[in-house]
Amino acid sequence: MSLRRHLPHYMMIAPFMVLFAAFFLYPIISGFFYSFHDWNGARPPEYVGVANYTKILHSRDFATAMGNLAVYIAITVPLGILVALGLALLVDSFTGRWANFFRNAYFMPVVLPAFLAATIWRWIYAPNFGLLNVALGWFGLGSINFLNNSSTMLYSLIAVDVWVSAGFNMVILLAGLKNIPTELYEAARLDGANKWQQIVHITVPMLAPVLFFVVTYSLISAMQVFDKPWLLTGSSFTSYGGRRNALLFPVMDMMGRAFGGVKFGEAAAYGFLLTLAIVTVTALMFALRSWSARK
Amino acid sequence: MKTLSILRSGAVGLATLAATSFNSMALAQDVALQYWVYSDFAQGDALAMQEEFVKEFTASHPGVTIEIVGKGDDDLTAGQVAGAASGTLPDVFMNSQSVGAQLVEVGALANIYEKWMAMPAEYRAQFDESALNACMPRPSELYCLPYTGFGSLLFRNLTVLEKAGIDPTPPTTWDEWLGQMKKIKEAGFYAVPDQTAVFNSIAEIYATTGSADSWGFNWDTKTTKIDPANMTKVLAKFVELVPLNSGTSRNDQATKDLFISDQLAFHTIGPWVNPTYAEAAKASGLKYDFVLIPGDTAGKTGGIRSYEMVGVAPGPNADVAFEFAAFLTEKAQMARWAKLLSRYNANAAAMADPDVSALPLIRVSVDAAHGAMDVAAPYFIGSVPSCYNSTVIDIASATADGEYTPEAGAAEMITKLNECLAE
């Protein structure tokens, strides 16, 4: 009786569930299965227990990739959100065509293909004659090989990433800003609050739900960073990560193991370790939010 | 009775013939080949010519249809590896010989030795022997038909040479070339890109001193074949090049832009940059030429060579796929292909065709390929771990930066490469 009553509803969600099962659930389950096997795609998979996981956890490249990722996340997420918030406040202060102009201008890097963005930045970072080195030269500073010096490579990537991601986050934050009632600012002004106090005591608290989304999304994106370091270092499946692996990140390492080393079992285990890390971080974010709301 | 028997036999014969014809027709109609090519070959004039080849082949093979799919380098490899795992391989495909081992390991490449041996001797004799040998890791194993290839060339900006007061006669030895580079720097230009930035440019300079015998891998012992004495000399060369280089890699767009804008004198790279430079010559008056990379002694040349290949996937379409691959790599097609793109290829008979060998880029490329060193041989045996190329780049760069002496750098490099291969 109940099934008959709800049949139309089940029918309506069926297309999504079928596609979800085929293209999401099945790959996850089969990936989990292969993560316990030695498999190169041709031979039948051979069960190896947790050997793939222990091999990855003990590998030097994994440690390097995770170390790079930790520094990258620690800088790029807060910096990217601060820049995006600054841009959103700036654009929000304009009206009419100027608001449209700045919004579109800052959003432009988001729609730029990654390879084009990387080409532009390789030119900007070029030693001796690149835009940045020419600018440094005006201040009497010597040329820096930003993309081939292991002490500057990570920061060079962070600058590119902030440039690209700021536009996307700005649009989200801008939508949040538009939803803050103007009466709150008027009341604050009447009470003598200056611009900074308005931002700290009205804008940021009112933006909290949007900021939560932006922080969570930025964290998840940062943990999966791949295309920008891959392109900036001119990587391929046989050589990736740049000089001294300064731009080696987990997804790059995983792809290299899969398609360069044809070790699909190891790559699947890598994917699960990374997924576990992403799920943990996301769960912590939600827990922090609940704790903060209760408080 | 006899008449009845004849009629009966005739009817059976006709029925068999009809059934056979129907079967072969149905089989032929079912053959739809997927043909993956490099994305450069799937656009403009190159695509038009590939389509022409397909049209000619399908005209002589009724019922066969061929779909051309263009893919970038990494997408080709990833697609073929994933296709082998999922049973969705393209029937005929291009890729580089340097990823051959991965493709053999995942079962993406059919061993076409028997099909090859069944071809007429006249056809088999058309190919460059070393290019063909590179497809044969062991006797009775042939995993590809060699296709386009390159030997690295020394592109020279003649305006920069003139401004630096350098005689445009090509340098014949490394010392002569180095002398020119120093004069170029003194005149305020960049001599070369940073040759330590990518693996292939390191190999190009290694070849000025060493040869294929002391480069690549010994897969039996899992050790590098790099000779420490040769590598010491090569690392010393990189130290000398530091003040002369532009800091950009040979592959950077910035390097090409410097060359086009008359700020860079030399660019060691394959012939694929020539269309860009030829366009710049037309548009902005760039004066350039291309010569062989000089080695340590007169007559020896540096540079690397590598071939793209055409591979055939195992499976029900393998026979017709091989026929198509053989058609593509046959002299008539390779000569047309070479003329269109001015690109060297592995069909020696096509390269000797007077119309082809008259093309300057091909003439120099043939000599360059013959004198150059295979970049990652032997192929089709073991997958080169990523730590191998990274180690070579890291230690060459570190030595150029002064972190190692050339002797210490060479020793460290070889130790680390052996560790990497052993892992």
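Coordinate-derived values only; no laboratory data. The model shown is predicted, which means the values in this text are computed figures rather than measured ones. Counting neighbours? That spans all protein chains shown, and the Cβs are built from the backbone with ideal geometry, glycine included.
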Exercise for review: Find out how many positive minus negative residues lie around B:L142, taking Lys and Arg as positive, Asp and Glu as negative, among other residues whose Cβ is under 12 Å from that of B:L142.
Suggested key: +1
Check your understanding: Which residue, B:Q126, B:Q180, B:Q253, tops the fluctuation ranking in a GNM of chain B built on C-alpha contacts under 10 Å?
Key -> B:Q253
**Study point:** Local electrostatic count, B:A411, Cβ distance below 15 Å [Lys/Arg +1, Asp/Glu -1]
**Key:** -4
Check your understanding: Tell me which lysines have Cα within less than 18 Å of A:K263's Cα, excluding those fewer than 8 residues away on the same chain?
Key -> A:K55
Exercise for review: Find the eigenvalues of the gyration tensor of the Cα atoms of segment A:46-294, then list the square roots of 5 times those eigenvalues as equivalent ellipsoid semi-axes, largest first, in whole angstrom.
Suggested key: 37, 26, 14
Review point. Which is farthest toward the positive dipole end of segment A:43-176 among A:A166, A:A118, A:N68, measuring Cα position about the Cα centre, with Cβ charges +1 (Lys, Arg) and -1 (Asp, Glu)?
Key: A:A118
Exercise for review: Obtain the nm distance between the two label points defined at B:A278 and A:H9 by a simple spin-label model: each point lies 7 Å from its Cα along the Cα-to-C-beta direction.
Suggested key: 6.8 nm
Review point. Between A:T275 and A:A70, what is the FRET efficiency for a Förster distance of 22 Å, r being their Cβ-Cβ separation, to the nearest 0.05?
Key: 0.80
Revision key, fill the gap. B:A32 neighbourhood, Cβ < 13 Å, K/R = +1, D/E = -1, net charge -3
Revision key, fill the gap. Here the tail fraction of P(r) beyond 52 Å, over all Cα-Cα pairs of the protein assembly as shown, rounds in percent to 22 percent
Practice item. Could you check what % of the DSSP bridge pairs in chain B are antiparallel, to the nearest 5? Key: 65 percent
**Study point:** Angle between chain B longest axis and helix B:73-86 axis [Cα atoms, degrees, rounded to 10]
**Key:** 40 degrees
Exercise for review: Please work out how much length the chain gains when fully extended from A:T152 to A:A63, using 0.36 nm per residue of separation minus the C-alpha to C-alpha distance, in nm with one decimal.
Suggested key: 30.1 nm
Practice item. Could you compute the FRET efficiency for A:A22 and B:E176, with r as their C-beta to C-beta distance and R0 at 60 Å, rounded to 0.05? Key: 0.40
Review point. Considering only the protein assembly as shown, what is the antiparallel percent among its DSSP beta bridges, to the nearest 5?
Key: 65 percent
Revision key, fill the gap. Measuring from the longest principal axis of the C-alpha atoms of chain B, the long axis of helix B:274-284 (C-alpha) lies at a number of degrees, nearest 10, equal to 60 degrees
Check your understanding: Add -39500 (n - 2.57) for each DSSP H run of 4 or more in chain A, then divide by its residues: what number comes out at 222 nm, to the nearest 500 deg cm²/dmol?
Key -> -22500 deg cm²/dmol
Exercise for review: Determine Rg/Rh for chain B; Rg is computed over alpha-carbon atoms and Rh is the Kirkwood hydrodynamic estimate from the same atoms.
Suggested key: 1.07
Point to revise | Average Cα contact separation per residue, segment A:46-294, under 8 Å, 6 or more apart, as relative contact order % | key: 27 percent
**Study point:** Residue exposure sequence - B:T268, A:T64, B:T248 - by fewest surrounding Cβ within 10 Å
**Key:** A:T64, B:T268, B:T248
Practice item. Hey, for a label at A:I220 modelled as a point 7 Å past Cα toward Cβ, could you say which residues of segment A:236-254 have their backbone N under 18 Å away? Key: A:251
Exercise for review: Averaging sequence separations of C-alpha pairs under 8 Å and six or more residues apart, then dividing by the length of chain B, give the relative contact order as a whole percent.
Suggested key: 24 percent
**Study point:** Simple spin-label estimate for B:L340 and A:K295 in nanometres, 7 Å along Cα-Cβ
**Key:** 6.7 nm
Practice item. Give the relative contact order (percent, whole number) for segment A:176-293; include only Cα pairs under 8 Å separated by 6+ residues. Key: 17 percent
Study note, to complete from the structure: Mean other chain Cβ within 10 Å across A:27-40 is 1
Exercise for review: Could you name the lysines whose alpha carbon sits less than 23 Å from that of B:K185, not counting residues in the same chain fewer than 8 places away?
Suggested key: B:K163, B:K233, B:K237, B:K256, B:K287
Exercise for review: Once you have all Cα-Cα distances for segment A:139-214, histogram them in 10 Å bins from zero and send the whole-percent values.
Suggested key: 16, 29, 23, 18, 13, 2
Practice item. Rounded to the nearest 0.05, what FRET efficiency do B:T415 and B:W219 give with R0 = 25 Å and r taken as the Cβ-Cβ distance? Could you check? Key: 0.85
Review point. What is the average number of partner chain Cβ atoms found within 10 Å of a Cβ in A:253-264?
Key: 5
Practice item. Identify the residues of segment A:232-273 with backbone N under 14 Å of a label point that sits 7 angstrom from the Cα of A:T119 along the Cα-to-Cβ direction, or state none. Key: A:232
**Study point:** Residue with peak Gaussian network fluctuation, chain A [Cα springs, cutoff 10 Å], from A:V225, A:V48, A:V164
**Key:** A:V48
Check your understanding: For A:K195, which lysines qualify as cross-link partners when the Cα separation must be under 26 Å and same-chain residues fewer than eight apart are set aside?
Key -> A:K178
Exercise for review: Please identify the helices of chain A, taking whole runs of DSSP H, that span at least 27 Å along their own axis as judged from the Cα atoms and have a mean Kyte-Doolittle score of 0.5 or higher.
Suggested key: A:60-92, A:153-178, A:264-294
Practice item. For every helix of n ≥ 4 consecutive DSSP H residues, a contribution of -39,500 (n - 2.57) applies; sum these over chain B, divide by its total residues, and give [θ] at 222 nm rounded to the nearest 500 deg cm²/dmol. Key: -15500 deg cm²/dmol
Review point. If you line up the long axis of helix B:386-400 against the longest principal axis of chain B, both from Cα atoms, how many degrees apart are they, to the nearest 10?
Key: 20 degrees
